[in-house]
Amino acid sequence: MATLAKPNLPRFDVEIFQNEYLADGAREVNAIVTVTATGGGTSGGRPLGVADAAPGSGGQSAAVVILVDCSGSMDYPSSKLRGAREATAAAIDTVRDGVAFAVVAGTHEAREVFPGDGTLAVASAETRARAKESLRRLTAAGGTAMGTWLTKADQLFLTRRDIPIRHAILLTDGNNEHQTAAELEQAIERVSGHFTADCRGVGTDWRVEELRRISSALLGTVDIVPEPSGLAEDFRSMMAGAMSKQVADVALRIWTPANAVVRFVKQVAPALEDLTDRRSEAGPRAGDYPTGSWGDESRDYHVCVEVPASAVGNEMLAARVSLVLPPSVAGGTPEVLSQGLVKAVWTDDLASSTRISPQVAHYTGQAELAEAVREGMEAHRAGDVHRATARLGAAVRIAHATGNDGTFRLLQKVVDVVDPKEGTVRFRKNVSEADSMIVETRSTKTVRVKK
């Protein structure tokens, strides 16, 4: 484990958990990398590169854009739009002084509601009051084209390139009906890496996979708010989370020796997120994987490396894992915040080489759990009750075995559990669409391994 820290920045610690012993001829090395940031966020640290500044004087630490669905369906029932206004007002109240912010109404196009001049306002008591007053202009009409909303947020963020932490909150109640899937994908690709985004669906007429695609690409979260009355507290919580971030654009850099290959990199806690395909080259035999912004928090990553086979008794460094600030954030050159080492040692001791790291075993189970839930819910939607019952039964068994009480309780919304240890379940009759979507949306949340 290595630790580096700077004044006014979170302290980053990296811990590596693995069984480094491989059998003769074995090539796959697995490790859980735990990254913990402390001393920033709620601890009062100042975001990287941000000087003290009075409101309105420049040097703001963060920028947030709230994207509110104002399509015609938000008026059916009218409580949805009313709840969206109240939620946006709650989020605005949570924006701290000096943060740059804006509100956008999203339909088949994107319209700035506040400040409305193509820029970001700077939060103060006066601008927050004016922003909440402007919410009366949120009216329901038109279609839904979320790609235009993301593009508008990007344009607003670009007016303040000096701000390191950029975050959007997106609320919708429906499908992206006024854009093709390709158009939405192009918009997501254009803005990826520019800002992070949390997505929320209100009601049950939106598509989980659509919002998950946006939140995943933009390193945020996705969730369902079944009833409009729950929006305000959820928005307040999301905004508080955005306000706690202290360092932006942190990358997980993995260096491997000659002839070694990174097979995958996945975030496994607090939620599952596959980062493998997001690698950007960072020099000879090194690649960066984006992790987004950090405050006071801890996350776990599963790293799998394939190394050249070696003889019993040999050992090698399989990978060096570092937390790195890119040149654009660190001031010209990449800066290593912390690092840890993944090792490989070949042995003919069967007990050593067959022992599975508890951390690796735990998170492998969590990934299997999420996949079983996904397959079960897909089968349920397709009308295949037999397969749905089998896969959700497997999910119940894994959730019970790994102590994931949250997912276990979610599964009880759709199945009656007969024997949790064996995964024996019966699909419940008359499962509501809201309960089905709650299970599907939250299935990627994991429980931390007990060390």
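The values are calculated or read from the model by the stated rules, or taken from the named source; none is laboratory data. Given the structure is predicted, the values throughout are model-derived calculations rather than measurements. Neighbour counts run over all protein chains shown; Cβ positions are idealised from the backbone, glycine included. The accessibility values were calculated without ligands, DNA or RNA, using every heavy atom of the protein model including side chains. Shrake-Rupley method; radii C 1.70, N 1.55, O 1.52, S 1.80 Å.
Key figures
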{"item": "The range 193-207 - residue that is open to solvent by 10 Å² or more (accessible area, probe 1.4 Å) and among the β-branched types (Val, Ile, Thr) and, of those, nearest to residue 438 (Cα to Cα)", "result": "204"}
{"item": "Of the criteria (1) assigned to a helix (DSSP H, G or I); (2) over 22 Å from the mean Cα position of the chain (by Cα); (3) in contact (Cβ under 8 Å) with a residue 40 or more places away in the chain, which one residue 108 fails", "result": "(1)"}
{"item": "Unique match (being open to solvent by less than 10 Å² (accessible area, probe 1.4 Å) and among the acidic types (Asp, Glu)) among 277, 300", "result": "300"}
{"item": "Among the candidates 429, 421, 445, residue that is within 21 Å of residue 201 (Cα to Cα) and among the basic types (Lys, Arg)", "result": "445"}
{"item": "Residues located in the range 311-343, provided they are more than 26 Å from residue 353 (Cα to Cα) and either modelled with pLDDT of 95 or more or open to solvent by less than 50 Å² (accessible area, probe 1.4 Å) (or both)", "result": "322, 323, 324, 325, 326, 329, 330, 335, 337, 338"}
{"item": "Boolean, residue 248 is closer than 30 Å to residue 100 by Cα, touching a helix residue (DSSP H, G or I) at 6+ places or on another chain (Cβ under 8 Å) and modelled with pLDDT of 95 or more", "result": "no"}
{"item": "Within the range 39-74, considering residues that are modelled with pLDDT of 95 or more and not hydrophobic (A, V, I, L, M, F, W, C), the one surrounded by the most Cβ atoms within 10 Å (Cβ to Cβ)", "result": "69"}
{"item": "Residue within the range 137-152 that is modelled with pLDDT under 95, among the basic types (Lys, Arg) and assigned to a helix (DSSP H, G or I) present", "result": "yes"}
{"item": "Test: residue in the range 129-147 that is under 25 Å from residue 248 (Cβ atoms), open to solvent by 50 Å² or more (accessible area, probe 1.4 Å) and acidic (Asp, Glu)", "result": "no"}
{"item": "So residue 203, is it at pLDDT below 95 and on the phi > 0 side of the Ramachandran plot", "result": "no"}
{"item": "Any hit, the range 27-34, residues being small (Gly, Ala, Ser), part of a strand (DSSP E or B), at pLDDT 95 or above and under 20 Å from the mean Cα position of the chain (by Cα)", "result": "no"}
{"item": "Filter result (buried (at least 19 other Cβ atoms within 10 Å of the Cβ) and either free of Cβ contacts under 8 Å to residues at least 24 places away in the same chain or under 22 Å from residue 165 (Cβ atoms) (or both)) within the range 91-105", "result": "91, 92, 94, 95, 98, 99, 100, 101, 102, 103, 104"}
{"item": "Selected residue (criterion: nearest to residue 302 (Cα to Cα)) from residues of the range 368-377 that are touching a residue at least 12 places away in the same chain (Cβ under 8 Å) and open to solvent by 60 Å² or more (accessible area, probe 1.4 Å)", "result": "368"}
{"item": "Positions within the range 378-431 being closer than 18 Å to residue 446 by Cα and either touching a Leu at 6+ places or on another chain (Cβ under 8 Å) or touching a residue at least 40 places away in the same chain (Cβ under 8 Å) (or both), in sequence order", "result": "392, 395, 396, 398, 399, 402, 403, 404, 405, 406, 407, 411"}
{"item": "Given (1) closer than 18 Å to residue 87 by Cα; (2) open to solvent by less than 60 Å² (accessible area, probe 1.4 Å); (3) over 20 Å from the mean Cα position of the chain (by Cα), index of the condition residue 170 fails", "result": "(3)"}
{"item": "Check on residue 230, in contact with a His (Cβ under 9 Å, 6 or more places away or on another chain), part of a helix (DSSP H, G or I) and surrounded by fewer than 21 Cβ atoms within 10 Å (Cβ to Cβ)", "result": "no"}
{"item": "Only listed residue being of a type outside the set (Ser, Thr, Tyr), over 25 Å from residue 301 (Cβ atoms), in a helix (DSSP H, G or I) and open to solvent by 40 Å² or more (accessible area, probe 1.4 Å), chosen from 390, 401, 361, 434", "result": "390"}
{"item": "Matching option when the condition is open to solvent by 20 Å² or more (accessible area, probe 1.4 Å), in a helix (DSSP H, G or I) and over 24 Å from residue 158 (Cβ atoms), among 190, 213, 236", "result": "236"}
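Residue-wise test of (1) within 14 Å of residue 380 (Cβ to Cβ); (2) of a type in the set (D, E, K, R); (3) modelled with pLDDT of 95 or more.
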residue	(1), (2), (3)
391	yes, yes, yes
398	no, no, yes
420	no, no, yes
427	yes, no, no
451	no, yes, no
